[in-house]
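Notes for the one structure printed next.
The values are calculated or read from the model by the stated rules, or taken from the named source; none is laboratory data. What you are looking at is a predicted structure, and each value in this text was computed from that prediction instead of being measured. Cβ sites come from the backbone with ideal geometry, for glycine too, and all protein chains shown count toward neighbours. Accessible surface areas use protein heavy atoms only, side chains included; no ligands, DNA or RNA. Shrake-Rupley method; radii C 1.70, N 1.55, O 1.52, S 1.80 Å.
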Amino acid sequence: MESVTAFAPATVSNVACGFDVLGFALHEPGDEVTATFAPAGGVQIAGIAGDGGRLPREAAKNTAGIAAQALLDTLGERRGVVLTIRKGLPLSSGLGGSAASAVAAVVAVDGLLRARTARRR
């Protein structure tokens, strides 16, 4: 079965006098998302490791699932995907864990679809 795994690092904001204007990404830790094709359309979450069962497994209530579905919708993609998430960031740590999962999901799904979606600036 074909799969693509993507990693997204922790981020730090509120840096000194820059508040939310200044920020940076760390080399690690981060979240990792693996995407594979699903037998049906839409997004499913097969599992989440490292969250102690605290994050929603329903794709429509999980940042990774929401972001992956947004990409599928943007591309007009009818095939579905299954996500497996490994949380390397502690929950509620202020290190951007929700964003890291979302970004890793989009990059993994984009790679799986070979879409090479352009980044918007």
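Residues are listed down the side, and each one gets a yes or a no for (1) open to solvent by 10 Å² or more (accessible area, probe 1.4 Å); (2) at pLDDT below 95; (3) outside any loop (DSSP other than H, G, I, E, B); (4) of a type in the set (D, E, K, R):
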{"position": "L71", "(1), (2), (3), (4)": "yes, no, yes, no"}
{"position": "V82", "(1), (2), (3), (4)": "yes, no, yes, no"}
{"position": "P90", "(1), (2), (3), (4)": "yes, yes, no, no"}
{"position": "S93", "(1), (2), (3), (4)": "yes, yes, no, no"}
{"position": "R120", "(1), (2), (3), (4)": "yes, yes, no, yes"}
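For the stretch 96-118, the candidate set comprises residues that are farther than 19 Å from G53 by Cα and part of a loop (DSSP other than H, G, I, E, B); within that set, the residue that is most open to solvent (accessible area, probe 1.4 Å) is R116. Has the stretch 23-46 got at least one residue that is part of a helix (DSSP H, G or I) and closer than 16 Å to V4 by Cα? No, that holds for no residue. Residues of the stretch 89-103 that are under 11 Å from E32 (Cβ atoms) and touching a helix residue (DSSP H, G or I) at 6+ places or on another chain (Cβ under 7 Å): L89, S101.
Scoring A60 on the criteria (1) surrounded by fewer than 19 Cβ atoms within 10 Å (Cβ to Cβ); (2) in contact with a strand residue (DSSP E or B) (Cβ under 6 Å, 6 or more places away or on another chain) leaves a single failure, condition (2). Of the residues G97, G111, the single one that is touching a residue at least 60 places away in the same chain (Cβ under 8 Å) and more than 17 Å from I66 (Cβ to Cβ) is G111. Residue under question is R54, and the condition is that it be under 18 Å from T117 (Cβ atoms), open to solvent by 60 Å² or more (accessible area, probe 1.4 Å), in contact (Cβ under 8 Å) with a residue 12 or more places away in the chain and not in a helix (DSSP H, G or I); does it hold? When the stated conditions are applied, R54 does not pass them.
Cβ separations smaller than 8 Å between residues 6+ apart or across chains give the following pairs from the stretch 3-24 residues that are open to solvent by 60 Å² or more (accessible area, probe 1.4 Å) and of a type in the set (V, I, T) to residues that are at pLDDT 80 or above and in a strand (DSSP E or B): T5/E32; T5/V33; T5/T34; T5/A35.
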